1. Regarding the range 255-383, what are the three Cα extents along the principal axes, ordered largest first, in Å?
2. Taking N as the number of residues in the range 50-204, what value does Rg over Cα atoms divided by 2.2 N^0.38 Å take?
3. Step by step: find N for the range 212-316, compute 2.2 N^0.38 Å, then divide the Cα radius of gyration by it. What's the final number?
4. Please sort 109-118, 311-320, 178-187 by packing, taking for each peptide the average over its residues of neighbouring beta carbons within 10 angstrom, highest first.
5. What dipole magnitude, in Debye to the nearest 20, does the chain give about its Cα centre under +1 on Lys/Arg Cβ and -1 on Asp/Glu Cβ?
6. Compute a Gaussian network model of the chain, connecting alpha carbons closer than 10 Å, and tell me which residue from Tyr130, Tyr145, Tyr17 fluctuates the most.
7. Can you give the direction-averaged projected area of the convex hull of the alpha-carbon atoms in the range 103-195, in nm²?
8. Mind computing the radius of gyration and Dmax over the alpha-carbon atoms of the range 271-340? Å is fine for both.
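Each reported figure results from applying straightforward, stated rules to the coordinates on display, with no laboratory input. These numbers come from a predicted model, not from an experiment. Please note: Cβ atoms are built from the backbone with ideal geometry, for glycine as well, and neighbour counts cover all protein chains shown.
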Amino acid sequence: MGIAIRKAKRINDLPPYLFAEIDRRKRAALARGVDLIDLGIGDPDIPTPSNVVEKLIECSSKPANHRYPNSLGMPEFRQAVADWYQRRFNVRLDAGTEVVSLIGSKEGIGNMAVAFVDPGDVVLVASPCYPVYHIGTAFNGGQNYFLPLKKETHFLPDLDSIPADIAKQAKLLWINYPNNPTAAVADKDFFQRVIAFADRHGVIVCHDGAYTEMGYDGYRPMSFLEVDGAREVGIEFHSLSKTFNMTGWRIGMAVGNAEVIGGLAQAKSNLDSGIFQAVQEAGIEALKLGDQIVEPSRKIYQERRDILVDGLRAVGLQCEKPKATFYVWVSAPKGLTSAEFTAKLLDEAGVVTTPGNGFGEAGEGYVRFTVCVDKERLKEVAERIRQVKF
Ligand SMILES: Cc1ncc(COP(=O)(O)O)c(C=O)c1O
């Protein structure tokens, strides 16, 4: 007895999982009793602030919160998002039409393609990038056109390099600044060029602003929506995950163009039933506290960034000091691929990192480090790497 289990083509067509080899080496090292320093994951180690946790505890006992939530978000949560955008970016949003809640921004990013991509449609995506942008396209039968992010162009895509026929067919353009994995930042001039491109070719811009609150040395990254014309062509994804140390809570939002938000909301309301309302109430608390939560985290990450970057440079590795995000994008030493460099760091120094090509072909030659461990451990990283022969 037994039936032949056949997965959908979209699953069978997934690209090979480039992190599998690292996972295997990591497990082997742990089995040998190696004391690994894991700089592979972008997940805050700082706990969620106690006021937010207490709000969840209080609100979880309300019977009204035990029922189905609305998939688009409680009006109070959407208003809290609008108020936060007004305070933080001076961007005015209509909470009823220009804001939708997400079960973490990953959910909304994936559902964007459900709402807007038909088979054969072209989606413009950076390489390297957060993989969900192009997986969403592929799952829905679209074609990804990758825009390489190069050091020479400050890891910004060259929109002028897009062939006219591709630009004509393009439905969505994904951008993400401050950027994962390169830690690059964008300014108003770049966003203006994006808006002009989108307007010229009728492309919907999806800006992922997950890291706007992680800026250092006084730098405060801008929202795409601060720029004139942005709301006419696109939306911004944001998240409480990295901002308020809430990755496990699964709460985020998309804001901007009402028609685009409406389309995403239509896809969502047919597929999910929203975020537990007590989590939304805790999210409101986090948004209200805003910088009171973010500033202490910023200080911690900035100090860690300095320790890591100074340490890596001292042992001869090449990297920029990032202005934002908790990532450091490090060039592999001459003669080593991303995978070889990552494997050497793991096997010979017990330091876990992520190979740049795991985020797209154009990430080859780089390795991504995070600063999600405490400063004492980070000090040890360079000491360990010093022992490795490149
Ligand atoms: C650029 C970027 N966008 C979105 C996400 C997803 O965040 P979440 O689903 O927790 O909101 C991540 C997570 O690593 C990310 O790096």
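1. The Cα atoms of the range 255-383 stretch 50, 35, 25 Å along the principal axes, largest first.
2. Compactness ratio reported: 1.24.
3. It is 1.35.
4. Going by the mean number of other Cβ atoms within 10 Å, highest first, we get 178-187, 109-118, 311-320.
5. The calculation lands at about 820 debye.
6. Tyr17
7. For the range 103-195, the mean projected area of the Cα convex hull comes to 6.0 nm².
8. 18.8, 53
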